[in-house]
Amino acid sequence: LSVKNNPHLTAVPVALGACKLITLLDSDPTLLFPGPEITTQGVEATMRHLITLQITSLGVEATMRHLITLQVESECSESASRSIDLSAGTLGLQISSLGVSVCLQHSLLALDVTGNGLRFLPPEIEYLHSLQTLLADNNSLSFLPPEVSRLTALTALSLRHNLLSAFPAEAVSLGRVRTLHLDHNNFVALPPSLQGFTVLSELSVEGMPDLEDPSPDIIAAGAQAVVRYMG
């Protein structure tokens, strides 16, 4: 892109920050913005500066989403990284959705999205083939996508303090789950798909006064008693 020889142009438009594929930017050295301390670093530095300013101009919420994306991309770019912590306590703010960039980390072993405003998990979560631990407590999840059944390496699943009342039938394939926390949800009956959780050793279902099935006696007998009952 060339913006040279524009006598009325005194600055590179911040709106160019939306044009994230620009690899060549030709401008007059007399432009007042961005300053030479930016432009002399090359087109990549100039575009990063414009992108940041363009995002910021959209408001606080957009700026925060941009910062979260940068953090996620930074964590994901480290080949040694096997866990991503996007909990609200770590970020210092809430995210409203789980980005696809996270779901494409095929070697990810642990993901923490505790304490956010998540109303759903994206279907792309199925690409986390290696995921062993998923912590999604304190969100607003009212359902799980059928694609969660593809997380066959999962051994620990925590969904406390959500709005769940059912599991997808496909979740029966999560046969490696050993720890399952469902406290403070809206279950009236535990999901039949628990019959597939054949190695389940820890199950917590506190804080659900409407839970009728299984009976308290069966629940008190332990996780495997519940699994046998659901079968």
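The values are calculated or read from the model by the stated rules, or taken from the named source; none is laboratory data. Just so it is clear, the model here is predicted, and its values are computed rather than measured. Cβ sites come from the backbone with ideal geometry, for glycine too, and all protein chains shown count toward neighbours. Each accessible area value is taken on the protein alone, full model and side chains, heavy atoms only, with ligands, DNA and RNA left out. Shrake-Rupley method; radii C 1.70, N 1.55, O 1.52, S 1.80 Å.
Quick look at the values:
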{"read-out": "Net charge contributed by nearby residues that have their C-beta within less than 12 Å of A136 (K/R +1, D/E -1)", "value": "0"}
{"read-out": "Heavy atoms of H106: accessible area, 1.4 Å probe, square angstrom to 10", "value": "100"}
{"read-out": "Whole-number accessible area per residue in Å² for region 92-231, which is evaluated in the context of all protein chains at 1.4 Å", "value": "45"}
{"read-out": "Region 91-183 - percent of accessible surface contributed by carbon and sulfur, probe 1.4 Å", "value": "53"}
{"read-out": "Summed residue charge, Cβ within 15 Å of A153's Cβ, Lys/Arg positive, Asp/Glu negative", "value": "+2"}
{"read-out": "5 Å-binned pair-distance histogram of region 103-207 (Cα, whole percent)", "value": "3, 14, 24, 30, 22, 7, 1, 0"}
